[in-house]
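The values are calculated or read from the model by the stated rules, or taken from the named source; none is laboratory data. Note that the structure is a prediction, hence the values are computed from the model and not measured. As a convention, Cβ positions derive from the backbone with ideal geometry for all residues, glycine included, and neighbour counts pool all protein chains shown.
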Amino acid sequence: MLTASPKETAAAQNDEKGDAGGNATVAREAAENPLASLPVTVEDFIPLAKARLPKPTFDYITSGSEDQVTLRDNVEAFRRMRVLPPLLHGVSEVDLSTTVLGEKIALPVMLAPVAALRMFHPQGARASARAAARAGTICIPSTSAHNSLEEIAEAADGPKWFQLYAPRDRDVALKLVRRAENAGYKALVVTVDLGERKDDDLRNRFFVPQDFLLKHLRDCGFTHLTERNTYEELVAFNLQAWDPSLSVEFFQWLRKQTKLPIILKGVLTKQAAQQAVQLGLDGIVVSNHGGRRLDGMPASIDVLRDVVDEAGDRLEVYFDSGIRRGGDVLKALALGARAVLIGRPQAWALAAGGETGVKRVLDILRDELTNAMLTSGCKTVADIDDSLIM
């Protein structure tokens, strides 16, 4: 669900033609932008992305809502947490693999749904999907990625979940669900913390280019829209096309329509976890949407333990918002998350180096988490528990 984007995204708008596949893409990107020897941390990707993107596009992904208090607190809350490893409990090697919804992944870090990925790199979510497959983890493309769900599914063989923004038109929503099923997506992630107001976007007059917006809407099933529609018509249609007030009734309807696991993204309270259980959902993502939606919300990590306690073993709990280090992953797992999702780090890395960049950011988090587990005496992900947290 997007509102805007800059016209000067010429580099991102010129989609690659005749791509021979992931290997050719990786080789070309490595020649043009040898990232492997440059970024050492997630935050090293920020200046690289800033140098390659128009200011409105960079600010769109990097900034948060209003005064950005929640955005900053998402990161700073991890810095306030302290880890106290046990003595005489060392390990010489670790296993980072875990399972999500019964599927084994190589590390407990998944790619979060991020809108407008094609504005950060011509290959967009297709590059992210290939990087996730190479890293042995799950990619969760957004309804608003600016690639169709079929394009993303065809880009890589790795496991994928589909993030669903719900059209008001239930027939269109159902067709999206059926298309996700047919394309091989293994779960639906429904984002409920909707709405966005960001000062930087207003100052930059950020907007989605007309061809991107038209493709996005047609990809979602609004095929009656064509090049004959004016930009103003497309914007007006987009504003009313989506359901911003998802209710219990929607999830009751969705649960009847599909056998795919359903995950609720945007949970911050015990009450929301209770509702997810009562609705028969399969998982929840503890998230404040990276501080993009409503400023003043608590840092996601500060509420994780309470939500996990409420969920118990009745559904799986994942975590999103503020992950910048492998040590952050360790802390989220220690408080009960089964895996974490990364949004901004994915977008920065994609802008900096396409598929190669996204794979690199996953490798950095893998290496940092490996070190944190070795230091904490945790041989497996299952060994990470809240006894590590002071």
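Here are some notes:
- Ser321 vs. criteria modelled with pLDDT of 95 or more, of a type in the set (Ser, Thr, Tyr), in contact with an Asp or Glu (Cβ under 9 Å, 6 or more places away or on another chain) and within 16 Å of Leu194 (Cα to Cα): no
- One residue alone among Lys259, Lys186 is touching a strand residue (DSSP E or B) at 6+ places or on another chain (Cβ under 8 Å) and assigned to a loop (DSSP other than H, G, I, E, B), and that residue is Lys186.
- Check on Asp73, surrounded by fewer than 21 Cβ atoms within 10 Å (Cβ to Cβ) and within 30 Å of Arg203 (Cα to Cα): no
- Screening Leu281 with (1) buried (at least 16 other Cβ atoms within 10 Å of the Cβ); (2) more than 23 Å from Lys186 (Cα to Cα); (3) free of Cβ contacts under 8 Å to residues at least 60 places away in the same chain gives one miss only, at (2).
- Restricting segment 284-310 to residues that are in contact with a Leu (Cβ under 8 Å, 6 or more places away or on another chain) and small (Gly, Ala, Ser) leaves a set whose member that is surrounded by the most Cβ atoms within 10 Å (Cβ to Cβ) is Ser300.
- Of the residues contained in segment 286-296, none is found to be assigned to a loop (DSSP other than H, G, I, E, B), within 26 Å of Phe251 (Cβ to Cβ) and either in contact with a Cys (Cβ under 9 Å, 6 or more places away or on another chain) or among the acidic types (Asp, Glu) (or both).
- Conditions (1) under 18 Å from the mean Cα position of the chain (by Cα); (2) among the small types (Gly, Ala, Ser); (3) under 15 Å from Leu107 (Cβ atoms); number of the one not met by Ala372: (1)
- Listing of helices (runs of 4 or more DSSP H) fully contained in segment 50-139 that carry 1 or more residues being acidic (Asp, Glu): 55-62, 69-80
- Remark: Asp367 falls outside the filter, which requires a residue to be more than 20 Å from Ile46 (Cβ to Cβ), out of contact with any Phe, Trp or Tyr (no Cβ under 8 Å at 6 or more places or on another chain) and in contact (Cβ under 8 Å) with a residue 12 or more places away in the chain.
- Those residues of segment 225-249 which are part of a helix (DSSP H, G or I) and either at pLDDT below 90 or surrounded by 10 or more Cβ atoms within 10 Å (Cβ to Cβ) (or both), in sequence order: Tyr231, Glu233, Leu234, Val235, Ala236, Phe237, Asn238, Leu239, Ala241, Val248
- Extreme residue, surrounded by the fewest Cβ atoms within 10 Å (Cβ to Cβ), among residues of segment 329-347 that are of a type outside the set (D, E, K, R) and part of a helix (DSSP H, G or I): Ala334
Residues checked against (1) touching a Ser or Thr at 6+ places or on another chain (Cβ under 8 Å); (2) within 21 Å of Arg344 (Cβ to Cβ); (3) in contact (Cβ under 8 Å) with a residue 12 or more places away in the chain:
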position: Leu246; (1), (2), (3): no, no, yes
position: Glu249; (1), (2), (3): no, no, no
position: Arg255; (1), (2), (3): no, no, yes
position: Lys265; (1), (2), (3): yes, yes, yes
position: Asn288; (1), (2), (3): yes, yes, yes
position: Asp295; (1), (2), (3): yes, yes, yes
position: Ser300; (1), (2), (3): yes, yes, yes
position: Phe319; (1), (2), (3): yes, yes, yes
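- Checked across segment 250-266, the condition of being surrounded by 13 or more Cβ atoms within 10 Å (Cβ to Cβ), closer than 19 Å to Leu101 by Cβ and touching a Phe, Trp or Tyr at 6+ places or on another chain (Cβ under 6 Å) holds for no residue.
- Note on segment 353-390: among residues that are assigned to a helix (DSSP H, G or I) and hydroxyl-bearing (Ser, Thr, Tyr), the one that is farthest from Ile138 (Cα to Cα) is Ser387.
- Within segment 193-215, considering residues that are in a helix (DSSP H, G or I) and in contact with a Leu (Cβ under 7 Å, 6 or more places away or on another chain), the one surrounded by the most Cβ atoms within 10 Å (Cβ to Cβ): Leu213
- Among (1) within 23 Å of Ile61 (Cα to Cα); (2) touching a Leu at 6+ places or on another chain (Cβ under 9 Å) - the single one Arg118 does not satisfy: (2)
- Counting only residues that are part of a strand (DSSP E or B), more than 16 Å from the chain's Cα centre (by Cα) and modelled with pLDDT of 95 or more, segment 140-168 holds 0 of them.
- Test result for Gly158, of a type in the set (Gly, Ala, Ser), surrounded by fewer than 21 Cβ atoms within 10 Å (Cβ to Cβ) and free of Cβ contacts under 8 Å to residues at least 24 places away in the same chain: no
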